[in-house]
Amino acid sequence: MRVIAVEEHMATEAFLRVAHGLDVVPGDETEMALMRMVENPPDFRARLIDLDARLREMDVLAQDMAVLSLNPPGVQPYSAADAVPLAREFNNALAAIVRQHPGRFGGLATVAPQDPVAGAAEIERAMGPLGLNGIMINSHTGGRYLDEPEFAPLLEAAEAHRAPVYLHPRVPSMLGAYRDYGMPGAIWGYQAEAGLHAMRLILSGTLDRHPGLTVVLGHLGEGIPYWLRRIDNRHAFAMRTIGAATPMPRLSLMPSEYFRRNFVITTSGIDDPDVLDLALRTVGEDRIMFAIDSPYEDPAAATAFLRDVPLTDDQRTAIGHRTAERVFGIA
Ligand code: MN
């Protein structure tokens with residue numbers, strides 16, 4: 001069975017050298033102090049940069065393909081003036097890597113939401129001449145979320161150029177009580193932040209304005225499949241009671257209908273048969289893709305999970321590669 005993993009992070013030496021020399025925007029200092037602690041040790045840096053080693057590891061695990069993306073939070077903690085050219089240069093390098101290894105690497109472009117018009121132009125370039133497979137946005141940008149009107153050009157471009165938007169977590173914009181015990185990161189804060197962002201897209205009516213948008217969530221949907229029935233139920237209750245007094249747009253669909261129409265989820269970081277079973281019953285195998293989340297998770301454990309978890313042949317084929325081929329336009 002062909003195996004395609006779709007949340008596989010990397011960086012280039014040039015990107016890290018330039019990015020680590022830039023000033024971080026106010027509010028993102030804590031996250032970037034943490035990220036530089038993660039990115040700087042030579043062994044981890046090598047795991048981000050050395051794609052020949054990545055290919056050898058993929059060969060050992062019979063993993064055919066990795067859809068690569070820049071290590072989070074990408075260009076988003078920098079000023080627009082710094083982030084726009086940084087994204088362009090990174091995407092040029094990523095496209096060159098993908099061209100050198102057809103069938104082994106795909107790529108999700110990085111864009112700078114700080115400048116939505118430049119971001120829209122970069123989406124057009126990524127999906128056109130660069131031949132990439134979609135884009136990754138690492139949740140909030142300077143505390144702003146994609147449902148806010150300023151980002152409409154970005155979402156219009158993603159919809160027009162059929163660029164799936166992988167909405168990847170980052171440290172929550174409102175750090176507050178997440179600050180302690182390692183919780184800003186993937187233990188809890190990441191999921192809370194990305195789940196919040198997805199809920200904003202659903203509840204704001206953004207997906208009525210952009211019905212063709214495809215949003216990809218990692219971590220088997222960032223908790224939303226678990227909550228989905230309650231979200232519908234409480235959304236209807238809130239509309240009946242406080243909806244008129246609070247800014248709650250009238251939606252044309254129930255929240256769960258947007259989740260099943262516009263979202264595709266990946267297995268990144270959750271090798272749990274019970275959670276996968278819930279996800280299958282919530283969205284079905286044609287909206288689930290395999291992902292490892294390398295280099296943060298163990299590729300051997302993730303590929304063993306895909307191979308061994310109880311599934312029908314059709315479910316395993318869909319999760320292993322078929323959904324990714326459809327969503328990301330992989331031949
Ligand atoms: Mn990740």
Nitroxide proxy distance, nm - points 7 Å out along Cα→Cβ at Thr317 and Arg2: 1.2
Selected from Met136, Ala302, Asn71, residue furthest toward positive end of dipole (the chain; charges at beta carbon): Met136
Extreme residue, positive dipole direction of the chain, given options Ala33, His210, Pro85 (C-beta unit charges): His210
Amide H within-cut-off set for Val111, under 5 Å, with H built and near neighbours excluded: Met136
Low-density loop cleavage sites - chymotrypsin sites (Phe, Trp or Tyr not before Pro) in the stretch 168-275, where at most 16 other Cβ are within 10 Å (DSSP): Tyr181, Trp188
Dipole magnitude (debye, nearest 20) for the stretch 176-331, charges at Cβ of Lys, Arg, Asp, Glu: 900
Inter-centroid distance (Cα atoms) of the stretch 27-42 relative to the stretch 179-216, Å: 22
Using alpha carbons only: equivalent-ellipsoid semi-axes of the stretch 4-328, gyration tensor based, whole Å: 28, 25, 19
Residue order, fewest to most beta carbons within 10 Å, for His20, His168, His9: His20, His9, His168
Dipole moment magnitude, nearest 20 debye, the chain about Cα centre, only Lys, Arg, Asp, Glu C-beta charged: 760
DSSP beta bridges in the stretch 4-328 [antiparallel fraction, %, rounded to 5]: 5
Potential extension, Asp52-Asp274 segment - 0.36 nm per residue separation minus Cα distance: 76.5 nm
Most positive-pole-ward Cα, Thr312, Thr323, Ala157, against dipole of the stretch 4-328 from beta carbon charges: Ala157
Local electrostatic count, Met65, Cβ distance below 15 Å [Lys/Arg +1, Asp/Glu -1]: +1
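FYI, it's all coordinate maths here, none of it is from the lab. Since this is a predicted model, take the numbers as computed values, not measurements. So basically every Cβ, Gly included, is an ideal-geometry build from the backbone, and we count neighbours across all protein chains shown.
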